[in-house]
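The values are calculated or read from the model by the stated rules, or taken from the named source; none is laboratory data. Predicted model only: the values in this text are computed from it and were never measured. Cβ placement follows ideal geometry from the backbone for every residue including glycine, while neighbour counts extend to all protein chains displayed. Side chains are part of the model used for accessible areas, which takes the heavy atoms of the whole protein and leaves out ligands, DNA and RNA. Shrake-Rupley method; radii C 1.70, N 1.55, O 1.52, S 1.80 Å.
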Amino acid sequence: MSELRRFRTTDLFRFNNVNLDVLTETVNFTDLFCVQESPSGTIMGYIMGKAEGRNKDWHGHVTAITVAPEYRRLGLADGMMKLLENVSEKIYDGYFVDLFVRVSNKVAIGMYKKFGYSVFRRVNGYYSSGDNNEEDAFDMRKPLPRDEKRESVIENGENNIVKPEDL
């Protein structure tokens, strides 16, 4: 049985098996950081998130979530996402949870849809490697109970295209 617990600074030295995946984006800021740890102490995955926005745009944001390849399809991502959604609802009283995902990452998009997320809009060139190699992202959202009218997810989805600087 694995354990989902708060991140400890020393965990940074044990992330290689999870973080060396080409689909994992790493960022340096967060309010919520939890790791999934095996009984033997191996980091199986992690989630980073934060609360941001103002007024009806106040929400939880998934900064990063990843599971090591050898631990995928065990339901770990579902548990970590539910934790972040619960914190966003119960502690931060947010209207929704959002995340950005590469438009080419069909597996992740399917997983997020299974978790109740929908495409809010497409962001042109959100992912950039600096060598003119850009990729669009979907801004996916899931409303929380505070958003009774589901206003946070009313948009044109994939057909609503914005630039990163317009976010």
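A few notes on this one:
- Filter result for Ile154 (out of contact with any His (no Cβ under 8 Å at 6 or more places or on another chain) and assigned by the TED database to the domain that holds Ile47): no
- Among the residues of the range 65-82, those that are among the hydrophobic types (A, V, I, L, M, F, W, C) and either open to solvent by less than 10 Å² (accessible area, probe 1.4 Å) or over 29 Å from Asp147 (Cβ atoms) (or both) comprise Ala68, Leu74, Met80, Met81.
- Condition met for Tyr126 (surrounded by 13 or more Cβ atoms within 10 Å (Cβ to Cβ), modelled with pLDDT under 95 and touching a helix residue (DSSP H, G or I) at 6+ places or on another chain (Cβ under 7 Å)): yes
- Selection count, the range 124-151, where residues are at positive phi and touching a Gly at 6+ places or on another chain (Cβ under 6 Å): 0
- Of all residues in the range 139-167, those that are crowded, with 19+ Cβ neighbours inside 10 Å have Cβ atoms under 9 Å from Cβ atoms of residues that are in a loop (DSSP other than H, G, I, E, B) and modelled with pLDDT under 70, 6 or more apart or on another chain, in Asp139/Glu155; Asp139/Leu167; Arg141/Glu155.
- Output for the range 1-55, where each listed residue is at pLDDT 65 or above, open to solvent by 30 Å² or more (accessible area, probe 1.4 Å) and part of a loop (DSSP other than H, G, I, E, B): Met1, Ser2, Phe7, Arg8, Pro39, Ser40, Thr42, Gly53, Arg54
- Restricting Tyr95, Tyr127 to those that are in contact (Cβ under 8 Å) with a residue 60 or more places away in the chain, of a type in the set (Ser, Thr, Tyr) and closer than 27 Å to Cys34 by Cα reduces the list to Tyr127.
- When Asp147, Asp57 are checked against the criterion of being among the charged types (D, E, K, R), farther than 23 Å from Gln36 by Cβ and in the same structural domain as Phe15 (by the TED database), a single residue qualifies: Asp57.
- Residue list for the range 129-138, restricted to those being more than 18 Å from Val107 (Cβ to Cβ) and either open to solvent by less than 80 Å² (accessible area, probe 1.4 Å) or assigned to a strand (DSSP E or B) (or both): Ser129, Gly130, Glu134
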